[in-house]
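The values are calculated or read from the model by the stated rules, or taken from the named source; none is laboratory data. Because the structure is predicted, anything quoted here is derived from the model rather than measured. Because the Cβ atoms are built from the backbone with ideal geometry, glycine has one as well, and the counts that use them run over all protein chains shown. We work out accessible area using only protein heavy atoms, side chains counted, and drop any ligands, DNA or RNA first. Shrake-Rupley method; radii C 1.70, N 1.55, O 1.52, S 1.80 Å.
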Amino acid sequence: MAAPPARTVLVTGCSSGIGLAVAVRLARDPQRRYLVLATMRDLSRRGPLEAAAGATLGDTLRILRLDVTSDSSVAECLAGVPGGRVDVVVNNAGVGLVGPLESATGPQVQRVFDTNVFGVLRLVQALLPQMKQRRSGHIVVVSSVMGLQGVVFNDIYAASKFAVEGLCESLAVQLLQFNIFVSLVEPGPVNTEFERKVLQEAEKSEFPGSDPETLRHFRAVYLPAARQVFRTFGQSPERVAQAIAEVIGAPRPPFRTPTNPLYSPLLALRFADPRGDLGVRSFHRLLWDLGPRCLTCRCCRRRVTPV
């Protein structure tokens, strides 16, 4: 019996990190189940992907240009898809933003939503007609635990991921009628250049418009705590890529896949208290307990001694 034809998988944001790891893992599938279209906005950054792809380059892996923030780029990319068919799309391209909300500029916020939300929406809208017509397809979105639980000083990024979660929850119900699956993959911190760059930019920024007390908390508590979280809980992009590959290969793909079990107790707080106070206060204590020195907690007027 002949093997089924390879499924075409389009992956966004493949110049580094999770996208690169997903593309290479799928392209190296021993059963050759996938033809991977690894896309990136800037093809001059294709070097690391080409090196990692090795013999799969030009065989089970091809590189295309795609800027998810541009309608014309999406149309041009899809016009170059072999056979014009995409069976699976992995929406991985993303932008981060860390810091006090008051200092976030309109262009910064727009950039996050243009990529993280409208980028997903733009590509899914372009692919849905063909998927509905053949009554098959799989939409995978790399979300985040911050799409389920907001994290202090990540307000804009968390908002973008909450938006994506709502979009996918709605789509998942209606698309089952067409035999199209929607899957959210929700990593915690991942040790990639993406995360390192976001924190490095935050360390150098002056954050104009923010008050001194908030800046003091951000620099003295949040940034050291964030680095500690990455050291303690951070996953490799290869581990997240493995989870994504398992989702894509599942006969009946799950809707949600958190990749880091260490976050399960924290996410459970969201559903343990319908009022939400338990999660807010628990995260407040957790953040300040990871701080580098004693600070006065303005919420309860007591001394909090970080460990």
> Condition test on Pro48, is it in contact (Cβ under 8 Å) with a residue 12 or more places away in the chain, open to solvent by 10 Å² or more (accessible area, probe 1.4 Å), farther than 23 Å from Ser143 by Cβ and of a type outside the set (Gly, Ala, Ser)?
Replying inline: yes
> Can you tell me which of Arg252, Arg239, Arg227, Arg231 is in contact (Cβ under 8 Å) with a residue 60 or more places away in the chain, open to solvent by 60 Å² or more (accessible area, probe 1.4 Å) and within 30 Å of Gly19 (Cα to Cα)?
Replying inline: Arg252
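A quick yes/no check of all residues on (1) closer than 25 Å to Pro251 by Cβ; (2) assigned to a loop (DSSP other than H, G, I, E, B); (3) in contact (Cβ under 8 Å) with a residue 40 or more places away in the chain:
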site	(1), (2), (3)
Ser15	no, yes, no
Ile18	yes, no, yes
Pro30	yes, yes, no
Leu35	yes, no, yes
Gly54	no, no, no
Val74	no, no, yes
Leu97	no, yes, yes
Glu102	no, no, yes
Val109	no, no, yes
> Can Leu43 be described as surrounded by 17 or more Cβ atoms within 10 Å (Cβ to Cβ) and in contact (Cβ under 8 Å) with a residue 12 or more places away in the chain?
Replying inline: no
>> Can you report the number of residues in region 207-224 which are surrounded by 15 or more Cβ atoms within 10 Å (Cβ to Cβ) and on the phi > 0 side of the Ramachandran plot?
In response: 1
>> Name the residue that is nearest to Thr214 (Cα to Cα), counting only residues in region 170-196 that are open to solvent by 30 Å² or more (accessible area, probe 1.4 Å) and in contact (Cβ under 8 Å) with a residue 60 or more places away in the chain.
In response: Glu195
>> As an exercise: evaluate Phe162 against (1) part of a helix (DSSP H, G or I); (2) farther than 17 Å from Pro254 by Cα; (3) open to solvent by less than 60 Å² (accessible area, probe 1.4 Å); (4) in contact with a helix residue (DSSP H, G or I) (Cβ under 6 Å, 6 or more places away or on another chain) and give the number of the one condition it does not meet.
In response: (3)
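Select from region 76-95 the residues that are small (Gly, Ala, Ser) and either without any contact (Cβ under 8 Å) to a residue 12 or more places away in the chain or not in a helix (DSSP H, G or I) (or both) and list them in ascending order. Break it down stepwise before answering.
Going through region 76-95, the residues small (Gly, Ala, Ser) turn out to be 79-80, 83-84, 93-94.
Ala79, Gly80, Ala93, Gly94 - these are the residues of region 76-95 that are small (Gly, Ala, Ser) and either without any contact (Cβ under 8 Å) to a residue 12 or more places away in the chain or not in a helix (DSSP H, G or I) (or both).
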> Can you pull out the residues in region 255-307 that are in contact with a strand residue (DSSP E or B) (Cβ under 9 Å, 6 or more places away or on another chain), open to solvent by 100 Å² or more (accessible area, probe 1.4 Å) and modelled with pLDDT under 65?
Replying inline: Arg302, Arg303
